[in-house]
Amino acid sequence: MVLETPRLLLRPWQAGEGVIQRELWTERDPRVPPHRRIDANGSPTVFELEESIRTTDIWSTGLLAVERKEDGDVIGYCGLTDSGRAGAGEPELAFELLRRSWGQGYATEASRAVLESAAAAGHERLWATVWDWNTASRRVLAKLGFTETTRTEVDPVHGTTLFTTLLLSDDPTAAAQGQ
């Protein structure tokens, strides 16, 4: 799958781009749980991330590389994933961009392309989870029309995960089930 916006190309990852994924891992907020950060042994390594790109479908069909057209550089990922936290057929929107690209509207632009693709594929509702302390991502989700539900997951060390939802169809029963 390839999606295009005026400034961005969303496409499958290439194995040699493990270095970009590694940079994302190194930039993560210290409040992010340890399993999503570089560990004391330096894992995941660039090699491990490149192997994941080669062998895991999520990097070719779900979480697409976000490439700036003008510069030709990959600045993160955006796409849909089945996190197992939502209902069947209701994937979760996920995005993460390198800090040097923050504040330029790329997360919103990439996510809009993913939402349009999801609607065209027949999805009626999407989910997104976000840490309560991640105000930038919460703003992006709000711009996209996601609304916070009453569902949360509290982690006393890392913060509270908020569940947001976006109705892509006009079915009012689907909206009521998400709140």
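What follows is calculated from the coordinates using simple rules that are stated; it is not laboratory data. If you're wondering where the values come from, they're calculated on a predicted model, not measured in any experiment. Quick reminder, even Gly has a Cβ in these numbers, built from the backbone with ideal geometry, and neighbours come from all protein chains shown.
For the stretch 24-42, the count of residues that are under 14 Å from Glu96 (Cα atoms), of a type in the set (S, T, N, Q) and in contact (Cβ under 8 Å) with a residue 24 or more places away in the chain is zero. Scanning the stretch 24-43 for residues that are within 20 Å of the chain's Cα centre (by Cα) and in a loop (DSSP other than H, G, I, E, B) returns Arg28, Asp29, Pro30, Arg31, Val32, Pro33, Arg37, Ile38. Asp155: under 29 Å from Ile20 (Cβ atoms), among the acidic types (Asp, Glu), touching a Pro at 6+ places or on another chain (Cβ under 8 Å) and surrounded by fewer than 20 Cβ atoms within 10 Å (Cβ to Cβ), yes or no? Yes, satisfied. Identification of helices (runs of 4 or more DSSP H) wholly contained in the stretch 44-160 with 2 or more residues that are over 13 Å from the mean Cα position of the chain (by Cα) and closer than 15 Å to Leu8 by Cα yields 106-120. Residues in the stretch 43-94 that are surrounded by fewer than 17 Cβ atoms within 10 Å (Cβ to Cβ) and among the aromatic types (Phe, Trp, Tyr): 1 in all. Suppose the filter is out of contact with any helix residue (DSSP H, G or I) (no Cβ under 6 Å at 6 or more places or on another chain) and either surrounded by fewer than 13 Cβ atoms within 10 Å (Cβ to Cβ) or farther than 26 Å from Thr161 by Cα (or both); does Thr26 pass it? In short, yes.
Number of residues in the stretch 1-20 that are outside any loop (DSSP other than H, G, I, E, B) and either without any contact (Cβ under 8 Å) to a residue 40 or more places away in the chain or exposed (fewer than 14 other Cβ atoms within 10 Å of the Cβ) (or both) equals 5.
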